[in-house]
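The values are calculated or read from the model by the stated rules, or taken from the named source; none is laboratory data. Please read these numbers as outputs of a predicted model, since none were measured by experiment. Cβ placement follows ideal geometry from the backbone for every residue including glycine, while neighbour counts extend to all protein chains displayed. Accessible surface is based on the protein model in full, side chains and every heavy atom, while ligands, DNA and RNA are left aside. Shrake-Rupley method; radii C 1.70, N 1.55, O 1.52, S 1.80 Å.
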Amino acid sequence: PGWPARPLPLIVDGAEVRLRPVRWRDASAWSRLRLRDRNYLERWEPTGTGAWEERNSGWAWPPQCTQLRTLARRGQCLPLAIEVDGEFAGQITVGNIVRAALRSAWVGYWVSSDLAGRGIATAAVAMMTDHAFGPGRLHRLEATVRPENAASVRVLTKVGFRKEGLFERYLNVTGEWRDHIVYAITAEETGTGLVERLVAAGRATRVHSS
């Protein structure tokens, strides 16, 4: 269990984007962004227990981080922080990893609202997908998105995820059962890699020293 390598960084829209393991000391930055961006994030995320302020306060992060790191050591998930120019800017997680004949998982992500539209999330998904199909030895990734979440749909389709269907009343979000579209990609569909596609399209450049 555990994936020793990590994705190499990229330059996107003039900023350096890195993925690295989540840390307990991310608590302050994590909480600051989550509380500031409540209106931006809450409408898309599964309904949680307790108030948003409680679930996203600084003290709420250490137990979440501990749980994520425990699952990562077991090979059941890969939780990474998204850094932009050295600053914590969001999260991306591959979760519910199933091995054996399936070798499948889901991917979920969020980025700071002030980075929206700059290609940061797109780069993070491309980097994570390549990592999951490379060192992670997975075969399939899926992501579920509410039909109204046009920005996230653009992220997934831009890197090559394809629409597979509609999950009706799939997740409880803001207190109601919401439909979600499921997007997926398999290793065979990535060719030389999703990062390579971004680089070839001029949407990102590689950082050669990490």
Grab the eigenvalues of the alpha-carbon gyration tensor for the stretch 3-161, scale each by 5, take roots, and send me the semi-axes largest first in whole angstrom. 22, 19, 17
With a 1.4 Å probe and all protein chains kept in place, how much accessible area does Thr174 have, in Å² rounded to the nearest 10? 70
Can you give me the % of accessible surface on the stretch 1-141 that is carbon or sulfur? Probe 1.4 Å, all protein chains present, nothing else counted. 54
Helix-derived mean residue ellipticity, 222 nm - over the chain, DSSP H n ≥ 4, -39500 (n - 2.57), to 500: -8500 deg cm²/dmol
Once Lys and Arg are counted +1 and Asp and Glu -1 for all other residues with Cβ under 14 Å from that of Ile181, the total becomes +1
Suppose we flag trypsin sites (Lys or Arg not before Pro) only when DSSP calls them loop and at most 15 other Cβ atoms lie within 10 Å. Which is the longest uninterrupted stretch of the chain? 138-210
With every protein chain present, what is the per residue accessible area of the stretch 44-186 (1.4 Å probe, Å²)? 46
Do any GluC sites (Glu not before Pro) in the stretch 136-197 lie in a loop, going by DSSP, with at most 14 other beta-carbon atoms within 10 Å of their beta carbon, and if so which? Glu148
